[in-house]
Ligand SMILES: C[S@@+](CC[C@H](N)C(=O)[O-])C[C@H]1O[C@@H](n2cnc3c(N)ncnc32)[C@H](O)[C@@H]1O
C-alpha cells in the first residue's frame, strides 16, 4: 500500500471515529456501569498527586479527566483532548466550575504541546481506536516529565463476544483483523510499555461479564461491523461480499442468543501504568 493510500485510509478512518462518537455523544454517559468505574479505576491506578499537570487523551465526555481534576485539585491542571466535538460538548457541560480543566478538539496521536509538559498522560477506553498506537505512545513519552506516568486501558484478545465473532469470521474469510493487537495479554502490555521507553509500574487485570440484551440483531451486528476498527475488513470485502458477511453475522448472533434474547458478554480489561525513567541513559 503506498503512503498516499495509507494517508487516505487514515483520513477516512479518522472521519469514521469522529462520526461514530459524534453520534454516540448524546447517550454515551447513559451506561453508568461500563465506562465510569473503569475510568475512575484507571485514574486511581495512575496515582495522581495534588498540583499535577495531566493530559487526558481521547477524553470523550471527560469521564477520566473529571476524576483527575478532583485528584490534582485547583492548583493542578487537566487538559482533555478529543476528536469528537459532540463528546467534548458533553464534557464541557459536566465540568462547569472545575477551573483546573480545559478541553481541546484535537488528535490524541499528536497533542499540540511541547516536550516535558505533563506529569501524567491518561487514555481511558480509547487506546484501541488509535491509528498508530506505538507512535502515539512514543509521542506521549516526549510530553512527560522524567518520572512522569502514562496510564491507559487495553483489552485482552478474547474480549467482547461480538468482536471475537467478527474476528473469527474475518479470519475465515481470509481478511484477518485484530481489535486488540498490542494488548492481547499481560505480557504484551508490558512489552508495549518497554518498547516505547517506559518502565512498567503496574498492570492490573479485571475480568468482567454481563448479559447483553439483543433487542435488534441487525443493530448489534452493525455496532461491531461498522466500528472504524472494521474499516479494513469492509474495504477488503467490497459491497457484495460485505452484505453476505453481514447476513452470516446475523445468523451467528441469532444462534448464540439464549431464550430471553440475551448474550453473555465477557471481557478482560488491563489497567496499564508505565513510568518514564527519571534518567534516560541514551541522552
Ligand atoms: C470509548 S470513548 C472513551 C472516552 C473516555 N476516555 C472514557 O473513558 O469514557 C473513545 C473516545 O476516543 C476518541 N478518539 C478516538 N481516536 C481519537 C484520536 N485519534 N484523537 C482524539 N480522540 C480520539 C473518540 O472520539 C471517543 O470520544
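FYI, it's all coordinate maths here, none of it is from the lab. Worth saying up front: this structure is predicted, and the values here are computed from it rather than measured. Using ideal geometry, Cβ is built from the backbone for each residue, glycine included, and neighbour counts are taken over all protein chains shown.
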>> If neighbour count is taken as other Cβ atoms inside 10 Å, put 223, 149, 27 in order from fewest to most.
In response: 27, 223, 149
>> For Cα pairs less than 8 Å apart in space and 6+ apart in sequence, what is the mean separation divided by the residue count of the chain, i.e. the relative contact order in percent?
In response: 19 percent
>> Output the 0 to 90 degree angle, nearest 10, between the alpha-carbon long axis of helix 3-24 and the longest principal axis computed from the alpha carbons of the chain.
In response: 90 degrees
>> Modelling each spin label as a point 7 Å along the Cα-to-Cβ direction, I'd like the residue 201/residue 243 distance in nm, to one decimal.
In response: 5.2 nm
>> Relative contact order of segment 198-283, please, whole-number percent, based on alpha carbon pairs below 8 angstrom and at least 6 residues apart.
In response: 63 percent
>> Angle check, please: helix 35-46 long axis (alpha carbons) against the longest principal axis of the chain (alpha carbons), in degrees 0 to 90, nearest 10.
In response: 40 degrees
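What is the gain in length, in nm to one decimal, between residue 93 and residue 216 on full extension, counting 0.36 nm per residue of separation less the C-alpha to C-alpha distance?
Result: 41.1 nm gained on full extension.
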> What is the pair-distance distribution P(r) of segment 222-267, computed from all Cα-Cα distances in 5 Å bins starting at 0, with each bin given as a whole percent?
Replying inline: 4, 19, 23, 23, 15, 11, 4, 0
>> For the pair residue 102/residue 50, report the inter-label distance in nm, with labels modelled 7 Å from Cα in the Cβ direction.
In response: 2.4 nm
> Could you state the number of Å between the C-alpha centres of segment 198-257 and segment 70-117?
Replying inline: 30 Å
> What relative contact order, as a whole-number percentage, does segment 10-165 give when Cα pairs under 8 Å and 6 or more residues apart are counted?
Replying inline: 23 percent
> Can you work out the base-10 log of I(q)/I(0) for the chain at q = 0.15 1/Å, using the Debye formula on its C-alpha atoms alone?
Replying inline: -1.20
>> As a test, work out the antiparallel percent of DSSP beta bridges whose residues both lie in the chain, rounded to the nearest 5.
In response: 55 percent
>> Which three extents, in angstrom, do the Cα atoms of segment 121-194 have along their principal axes, listed largest first?
In response: 46, 19, 19
> Roughly how tilted is helix 231-256, in degrees to the nearest 10 and between 0 and 90, from the longest Cα axis of the chain?
Replying inline: 70 degrees
> By counting other Cβ atoms within 10 Å of each Cβ, how are 99, 43 ranked from fewest to most?
Replying inline: 99, 43
> According to the square roots a ≥ b ≥ c of the eigenvalues of the Cα gyration tensor, what is the shape class of segment 1-151, taking rounded for a/c under 1.5, prolate for a/b larger than b/c otherwise, and oblate for the remainder?
Replying inline: oblate
